[in-house]
Structure formats: C-alpha cells, structure tokens
1. Please find, within region 67-97, the residue that is nearest to LEU53 (Cα to Cα) out of those that are over 17 Å from the mean Cα position of the chain (by Cα) and surrounded by 15 or more Cβ atoms within 10 Å (Cβ to Cβ).
2. Checking the conditions here, which among LEU53, LEU45 is modelled with pLDDT under 75, over 22 Å from ILE23 (Cα atoms) and in the same structural domain as LYS7 (by TED's automatic domain parsing)?
3. Could you list all residues from region 91-126 that are modelled with pLDDT of 85 or more and over 17 Å from PHE42 (Cα atoms)?
4. Can we say TYR117 is surrounded by 14 or more Cβ atoms within 10 Å (Cβ to Cβ) and in a helix (DSSP H, G or I)?
5. Need the failing condition index for ALA12 against (1) under 25 Å from LYS110 (Cβ atoms); (2) at pLDDT 75 or above, just the number.
Amino acid sequence: MLEKLRKTIMWASICVAIVVSVIAILFAANQTKFGWAFDVAFWVLICYIVLSLLVWLFYGIISLKDKPKKTIIFAGAIVVVVVASILLALGDTMPQDMLMKYNTSEKTAKLIAIACYATYITVIGAVVLMIYSAISKSFKK
C-alpha cells in the first residue's frame, strides 16, 4: 500500500514539476505576453508545497510510527528546512518595478523566495542522500 502511494506521489510530483517548468519557460521567454504565467506558477507552487508537506508529514509519520527516534529526526529535518528557508529569504528583495509590474507585494515575493529555498534545500538533500546511499552500498559489497 505504501509503495503504491509512494509511486503515485512521485509521478504526481514529476508532472507538477514539468507543468511549472513549462510555465516558467513561457514567462521567461516573453514576460509581457505571458505575464499571467507568473501568477499561475506562484499558485501552483504554493499548492504543490502545501500538498507536499502534508503528504510528506503523513507518509513519514505512518512509515515511522513504530520508530519514535526516526520520527523525531524526521520532524526535526522538516523544521530545519523551513527555518533555513526563512533565514535565507530574509535578505532577498525584489525591485519595486517588478512588484508593480506583476501586481504583487513584498510579502508575496518573500513567500515565493521561502518556497524556492525550501525546494532547493530538499532537492539538494535528496541528491546527497542518494549519492551517499549508492556509495555506502558499493562499499558493503
């Protein structure tokens, strides 16, 4: 059951990543013609992050319910990622002309920066863990 859920989540994440990438490419290609892409990408990203966090927490708690130490480490990792994202986004500012052009606020820009940093940290962490896992398996054989 959990394996099927994991595969479904993985494929849904890949599909969302492709959609957001296409929207970002359209926006970068012609900002005046595809100005709407900024808003769509923002809301897709927010929904994706919220759903990912909920699924991540739910899946993590279910899969680790018999292992309290790992559950605490898992929850701590989530807190570290969120706090690091917020700290990294504190210094980011968007130029006023960009805020006016896309009819957004500084607060919204900060939320986007926090979401982007959380995504970067999570992806980099996953890649590092995959490399570590591959290397440790090769030494065990």
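The values are calculated or read from the model by the stated rules, or taken from the named source; none is laboratory data. It should be emphasised that the depicted structure is a prediction, and the values quoted were computed from it without experimental measurement. Please note: Cβ atoms are built from the backbone with ideal geometry, for glycine as well, and neighbour counts cover all protein chains shown.
1. THR71
2. Working: LEU45 fails: over 22 Å from ILE23 (Cα atoms).
Of LEU53, LEU45, the one residue that is modelled with pLDDT under 75, over 22 Å from ILE23 (Cα atoms) and in the same structural domain as LYS7 (by TED's automatic domain parsing) is LEU53.
3. ILE121, THR122, VAL123, ILE124, GLY125, ALA126
4. Values: surrounded by 14 or more Cβ atoms within 10 Å (Cβ to Cβ): yes; in a helix (DSSP H, G or I): yes.
When the stated conditions are applied, TYR117 passes them.
5. (1)
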